[in-house]
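What follows is a set of notes on a single structure, which appears directly below.
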Amino acid sequence: MSQSFNILIEELRKAARELLEEGRVDMFIGFGPGTMTTRTTPLFIREPGGAEELTWSPFCAVNLTGYLLDYREGTEKIGILVKGCDSRSVIRLLQDSQFPRERLVIVGIPCTGILDGEKAAPELDPLAGVQEVIDQGDSFLVTTAGGEKSFAKEEYLLPRCLECLECLDAGPVVCDRFIGREPSRREGSREGRREAGGESGQEGSGESGRESGGESGQEAGREGGRMGGKRRFAEVEELEKLSPAERSRYWDRYFQSCLRCYACRNVCPACNCRECIFDETGTDWVSKRNNLSENTAYHIIRALHVAGRCVDCGECQRVCPVNIPLRALNQKVLKDIEELYDAPLPGTDLEQPPVLGHYCAGDPDEFK
Amino acid sequence: MVFPLTAKVITADKMQILLERLLEDGSVYAPVKQPGNVIRYALIGKPEEAVLDFGNSDISPKDIFFPQTEEMFHFEYTGEGVDLEARGPGAGLEPGPRPSGPGSGLEPGAGAESGPGTGPESGLEPGPESEAGPGAGPVAGPRSSRPGPRIVLGMRACDVQALSALDPVFNGARPDPQYRWYRENTLIISLACERARATCFCNAFGIDPVAPGGADLVLIRHRGDYIVEECSGKGREFMEQYKDLFGTADIDPEGVKEERRSRLEGQFAHHLSPSRAKETMDKYFELPYWEEISRKCLGCGICTYICPTCHCFDIFDFAPEETAGSRYRCWDSCMYGDFTKMAGGHNPRPGKKERVRNRFMHKIKYHLDRYGVDGCVGCGRCIIKCPVNMDITSIITGLGEVT
């Protein structure tokens, strides 16, 4: 079974056009074609006619929800396109009162994996542009003016997507309008999500949609909204096996090469502080000197600061110009959250309070 | 019978020997593969660490001349006054007009006493020994504590040209002692480009990717070996010092270069006109265009930190003890919110629009106006690494079409 992205693109354009025409949103944030075949770029549309520039493909890697923070002070109504992982960031922002729900229209799109653009780039004419993408289940068939090329998901997807397809479901956990057929949801992870939909409910959610990825996928889900495929936390588990000295060496090599460009922070929708501690002048919690000590402090502070708010969208790792495996730091925290608090992945349930942001009277008090 | 043209060459085997000898005599910076498969210039310890079959490095080599973190001087309050001690390379040099006839910088030990690496700041020194961990190998960094010649091997034409953009900033009427030390004590061996990547646009700035101006030696890979061209007195001296490793071959070097040039010309994806974009910039400061394109900017520093010509820095004191500390110079980025933040809290570039406009105006207009040298060299790194596909080539085209 195969599905062309062009059908989704038409539906997406129609949805954005209608939202703008009907005045339900003042601006729609989606993706436009990038300047290279394997790139797309965030697109901000204000006129209904601009919807024709929207695109959707497995090269739409950016988590757009962080842009909502740029408009949180205004009065504009914003429409935003979300993949499953992005939708968790939206929930997180809503939970922390970072954006008013009434000014937000969430448009969900089924994601069947995002390709690693840098890895795919050498396989395609860089300037030919994408004409069509067909999801063939285990691969994407990408057609450009320069010919077509099939990308096996196993080989070319971003690591975060391989894990997601294995054990999370790739559909948005919150949305007002759904593009295409809603992807099938595995029983294990379906719990607690139905109520998470937005005010206007979900459209097109009647049919069960595509079949899920076979038996291993079915086995993968755990009960009670917990996710757990074979790949999930595999990297963290490997790192946990190292001795502290070995682990320190592992991270030192990466942190040493950190440029402190703060791309990991700036792309992160969990980073919503009005003034980041790394920008505070005068206090110098972390100095501008680039060395192992300061760089390590930066990364550790950041990982702990987003603990409980990181929704594992993996953007920090994707944007890093020196390829530091940053997601492993956040995943260690996520793994601890699951193991220590038996709490689901942050952002999967609007009603579930942030795991590190609330307490119950019956919580164990080990410090008595 | 045609009289054969000859070229100086070094074979691939001899190249390894040359590297070995250079490593004995001094220090060598070359592109290396770092953890995470990142190609970056770093001090190498073994010849085989150098990656010479590369498009270009992911991070520009500017930190060899302008380190991200530089200790300028140490200060200590003695009870009676403040003792200052210059640090870093060029510590003994007075800032001021350059002496005539710059030294060759090739004598072993030149500037070694005040050379880099004498300060305590060694975060970017070759790090923990490479027994374990992924991608064990050399790490990036501008510093070498070794005396002797300091050589950069592999620099592409764009990156060499970038030094011509940095020179008037740091080495103009009042030369910066540290930058000057790095420049005068570093021999640049450039490697001619073999292909133009889709993101390359040095052609827009009149750069010759085969014969970069400003290198001391240029290597042109030819049938597995290298044609060597001397481009400076330093380069000639170098050839003399290692002459046993260089030979001659019946090759017409000009013919090889011409052929390479026309091949690259056919590969360039862009044929841009920065001067047209500049005309727009000369006329208009306020344009709705900036508001539109800046929305997607994340405000991170990737583009500025990997750029070979960006050179903004911040100066601050780091004083862990109450009575002593050091003054540092560290890279800063005009994309950061605090970059233009004033002491009273006012920020003349309060948002993305102002910051994005400033960066591109600086690249295409301000630098050229101020120094007569282009502020962009078309290396394309920012295009490759920008997480949201902010593409300077489309901005150059877009601005050219605005009016």
*Being in a helix (DSSP H, G or I) and either without any contact (Cβ under 8 Å) to a residue 40 or more places away in the chain or in contact with a helix residue (DSSP H, G or I) (Cβ under 6 Å, 6 or more places away or on another chain) (or both) is the filter here, so list the residues in segment B:168-205 that pass it.*
B:PRO168, B:PHE170, B:TYR179, B:CYS202, B:ALA204
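Considering B:LYS353, B:LYS296, B:LYS278, which residue is touching a Pro at 6+ places or on another chain (Cβ under 7 Å) and not β-branched (Val, Ile, Thr)?
Working: B:LYS353 fails: touching a Pro at 6+ places or on another chain (Cβ under 7 Å); B:LYS278 fails: touching a Pro at 6+ places or on another chain (Cβ under 7 Å).
It is B:LYS296.
Every residue, every condition in (1) more than 9 Å from every other protein chain (Cβ to nearest Cβ); (2) among the aromatic types (Phe, Trp, Tyr); (3) assigned to a strand (DSSP E or B), yes or no:
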| residue | (1), (2), (3) |
| --- | --- |
| A:ILE7 | yes, no, no |
| A:ARG13 | yes, no, no |
| A:ALA16 | yes, no, no |
| A:LEU20 | yes, no, no |
| A:VAL25 | yes, no, no |
| A:GLY30 | yes, no, yes |
| A:THR41 | no, no, yes |
*Taking only segment A:104-122 into account, find how many residues are in a loop (DSSP other than H, G, I, E, B) and closer than 24 Å to A:ARG13 by Cβ.*
6
*Would you check if there is a residue in segment A:301-312 being at pLDDT 95 or above, within 22 Å of B:CYS303 (Cα to Cα) and crowded, with 21+ Cβ neighbours inside 10 Å?*
yes
*Within the group A:ALA263, A:ALA270, which residue is more than 10 Å from chain B (Cβ to nearest Cβ) and buried (at least 19 other Cβ atoms within 10 Å of the Cβ)?*
A:ALA270
_Quick check on A:VAL333: is it in contact with a Phe, Trp or Tyr (Cβ under 6 Å, 6 or more places away or on another chain), over 24 Å from A:ARG72 (Cβ atoms) and either without any contact (Cβ under 8 Å) to a residue 40 or more places away in the chain or among the β-branched types (Val, Ile, Thr) (or both)?_
no
*Residue tally, condition surrounded by fewer than 21 Cβ atoms within 10 Å (Cβ to Cβ), part of a strand (DSSP E or B) and in contact (Cβ under 8 Å) with a residue 24 or more places away in the chain, over segment B:33-76*: 6
_Search result, residues across segment A:43-59 that are within 12 Å of another protein chain (Cβ to nearest Cβ), in a loop (DSSP other than H, G, I, E, B) and under 19 Å from the mean Cα position of the chain (by Cα)_ = A:PHE59
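Is it the case that A:SER4 is at pLDDT below 95, closer than 23 Å to A:ASP116 by Cβ and of a type in the set (Gly, Ala, Ser)?
Numbers: at pLDDT below 95: yes; closer than 23 Å to A:ASP116 by Cβ: yes; of a type in the set (Gly, Ala, Ser): yes.
Here the answer is yes, as A:SER4 does meet what is asked.
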*Verdict on A:THR296 being at pLDDT below 95 and within 12 Å of another protein chain (Cβ to nearest Cβ)*: no
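Quick grid of which residues meet (1) more than 24 Å from B:GLY345 (Cβ to Cβ); (2) aromatic (Phe, Trp, Tyr):
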residue	(1), (2)
A:SER243	yes, no
A:ARG247	yes, no
A:TRP251	yes, yes
A:PHE255	yes, yes
A:PRO269	yes, no
A:GLU275	no, no
*Check A:GLY347, A:GLY357, A:GLY362 and return the single one that is crowded, with 22+ Cβ neighbours inside 10 Å, more than 10 Å from chain B (Cβ to nearest Cβ) and modelled with pLDDT under 95.*
A:GLY347
_Can you tell me which residue is surrounded by the fewest Cβ atoms within 10 Å (Cβ to Cβ) among those in segment B:360-388 that are of a type outside the set (Phe, Trp, Tyr) and closer than 14 Å to B:PHE285 by Cβ?_
B:ASP369
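Residues of segment B:269-305 being charged (D, E, K, R), part of a loop (DSSP other than H, G, I, E, B) and surrounded by fewer than 15 Cβ atoms within 10 Å (Cβ to Cβ), which ones?
Taking segment B:269-305 first, the residues charged (D, E, K, R) are B:276, B:278-279, B:282-283, B:286, B:291-292, B:295-296.
Those left that are additionally part of a loop (DSSP other than H, G, I, E, B): B:286, B:295-296.
Correct list: B:GLU286 only.
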*asked:* Which of the numbered conditions does B:PRO253 fail, given that it passes all the others? Conditions: (1) crowded, with 20+ Cβ neighbours inside 10 Å; (2) within 23 Å of the chain's Cα centre (by Cα).
replied: (2)
*asked:* Just checking: which of the strands (runs of 3 or more DSSP E) contained wholly in segment A:123-182 hold 3 or more residues that are among the hydroxyl-bearing types (Ser, Thr, Tyr)?
replied: A:139-144
*Could you please tell me which pairs satisfy a Cβ distance under 8 Å, a separation of 6+ or placement on different chains, a first residue in segment A:232-252 that is closer than 17 Å to A:GLY314 by Cβ, and a second residue that is at pLDDT 95 or above and in a loop (DSSP other than H, G, I, E, B)?*
A:GLU235/A:PRO325
_When the residues of segment A:319-335 are narrowed to those that are of a type outside the set (A, V, I, L, M, F, W, C) and at the interface with chain B (Cβ under 7 Å from one of its Cβ atoms), which ends up nearest to B:LYS33 (Cα to Cα)?_
A:ASN323
_All helices (runs of 4 or more DSSP H) inside segment B:306-403 with 1 or more residues being closer than 30 Å to B:ALA157 by Cα and within 9 Å of chain A (Cβ to nearest Cβ)_ = B:381-385, B:392-402
*Looking only at segment B:368-389, decide whether some residue is among the polar types (S, T, N, Q) and more than 30 Å from B:TYR77 (Cβ to Cβ).*
yes
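For segment B:223-240, give me the residue count where each residue is surrounded by fewer than 14 Cβ atoms within 10 Å (Cβ to Cβ), over 22 Å from B:ARG260 (Cβ atoms) and in contact (Cβ under 8 Å) with a residue 60 or more places away in the chain. Walk me through it before giving the result.
Pass one, segment B:223-240, residues surrounded by fewer than 14 Cβ atoms within 10 Å (Cβ to Cβ): B:223-224, B:233, B:240.
Checking the rest, the ones that are also over 22 Å from B:ARG260 (Cβ atoms) come to B:233, B:240.
If we keep only those that are in contact (Cβ under 8 Å) with a residue 60 or more places away in the chain as well, we get B:233.
Of the residues in segment B:223-240, 1 are surrounded by fewer than 14 Cβ atoms within 10 Å (Cβ to Cβ), over 22 Å from B:ARG260 (Cβ atoms) and in contact (Cβ under 8 Å) with a residue 60 or more places away in the chain.
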*For A:VAL62, state whether it is in contact with a strand residue (DSSP E or B) (Cβ under 8 Å, 6 or more places away or on another chain), hydrophobic (A, V, I, L, M, F, W, C), away from chain B (no Cβ under 14 Å) and farther than 15 Å from A:PHE5 by Cα.*
no
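The values are calculated or read from the model by the stated rules, or taken from the named source; none is laboratory data. Quick caveat: nothing in here was measured; it's all calculated off a predicted structure. With ideal geometry, Cβ positions are generated from the backbone for all residues, glycine too; neighbour counts draw on all protein chains shown.
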